[in-house]
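Undergrad: Take a look at the following structure, please.
The values are calculated or read from the model by the stated rules, or taken from the named source; none is laboratory data. Owing to the predicted nature of the structure, the values given are computational and were not obtained by experimental measurement. Neighbour counts run over all protein chains shown; Cβ positions are idealised from the backbone, glycine included. Ligands, DNA and RNA are excluded from the accessible area calculation, which covers all protein heavy atoms including side chains. Shrake-Rupley method; radii C 1.70, N 1.55, O 1.52, S 1.80 Å.
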Amino acid sequence: IKSEGLAKIAEARRKNNNFLAWQKANPVKYAVLKESEKLAELYGTMLGDGCVERFSRTEKLSIAFNSKETEHISYVVNLIEKLFRKKPFIRKMINVNCVYVGIYQKNISERLKFPLGKKQKYSLIIPSWIKNNKRYLIACLKGLFETDGDWVIDKNYGTNVIKFTNIIGSLLDDVQKCLISLGFSANRGKKRVTISKSKEVEKFVNLIKFRQY
């Protein structure tokens, strides 16, 4: 009995060693995230309502949505799948109006060049590779404004207003500078950046193809 037990242990170890050797010889190849409009839009979406978390053997990218934003959710699911070559998970939270979309994969933070953990810990800004390309910047602003932005009517003046709301001061400052660079009269408040001139609101909506949810 003892010899049989030792034989089984030896066989298990041999199989495990073979598997480890196979893993080393056949490493998993993850998608290379090349600079593009799609990546810039995802980065903007992440700056708005996303985060990257690290676990012992993997990392998780996740983005929060209002569960009523079905069109937006479907769009971002397809965007993530195209970039990471992996179908994202979709998780509806119980008793709250929230849906999380994301993936588990190694080295997401490094490949996306996005910080780990709570974003409030960082002085976030839009990366230079995005700001130095107008098409990328417009795509990034689309991701930002469709997560943390609103297109509303100012009840006091009866005018259309575009606003971006966030608690990270460095990001608000950067968004304002980027909008000004694109020709908008962007105003910086304590927790938001706004565009309120009617012609500029129309221009911005058409520029980023703003979808109101």
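Undergrad: Take residue 132 and residue 197, extend 7 Å from each Cα along the Cα→Cβ direction, and tell me the distance between the two endpoints in nm.
TA: 3.0 nm
Undergrad: Cross-link list 34/92; 60/92; 121/197; 92/121; 142/191; 86/106: which exceed 23 angstrom alpha carbon to alpha carbon? Walk me through the numbers before you get to the answer.
TA: Numbers: 34/92 30 Å; 60/92 17 Å; 121/197 34 Å; 92/121 27 Å; 142/191 19 Å; 86/106 12 Å.
As for pairs spanning more than 23 Å Cα to Cα, those are 34/92; 121/197; 92/121.
Undergrad: So what are the ³J(HN,Hα) numbers for segment 160-167, from phi and the Karplus equation (6.51, -1.76, 1.60; θ = phi - 60°), rounded to whole Hz, Gly and Pro as x?
TA: 6, 9, 9, 9, 10, 10, 7, 9
Undergrad: Considering only the other residues whose Cβ falls under 15 Å of the Cβ of residue 167, what net charge follows from Lys and Arg at +1 and Asp and Glu at -1?
TA: Details: positive: 118, 119, 121, 163, 188, 190, 191, 192; negative: 49, 148, 173, 174.
Counting the neighbours of residue 167, the net charge comes to +4.
Undergrad: Once you have the Cα-Cα distance between residue 97 and residue 32, take 0.36 nm times their residue separation minus that, and quote the gain in nm to one decimal. Let's see the in-between values first.
TA: Details: separation 65, 0.36 × 65 = 23.40 nm, distance 3.36 nm.
Gain on extension, residue 97 to residue 32, equals 20.0 nm.
Undergrad: Then there is this: Can you classify segment 52-100 as rounded, prolate or oblate using the Cα gyration tensor, where a ≥ b ≥ c are the square roots of its eigenvalues, rounded means a/c under 1.5, and otherwise it's prolate if a/b beats b/c and oblate if not? If you can, show how the numbers build up before the last one.
TA: Values: a/c = 2.83, a/b = 1.25, b/c = 2.26.
In terms of gyration-tensor shape, oblate.
Undergrad: When all protein chains stay in place, what accessible area (Å², nearest 10, 1.4 Å probe) is found for residue 33?
TA: Surface accessible to solvent at residue 33 totals approximately 30 Å².
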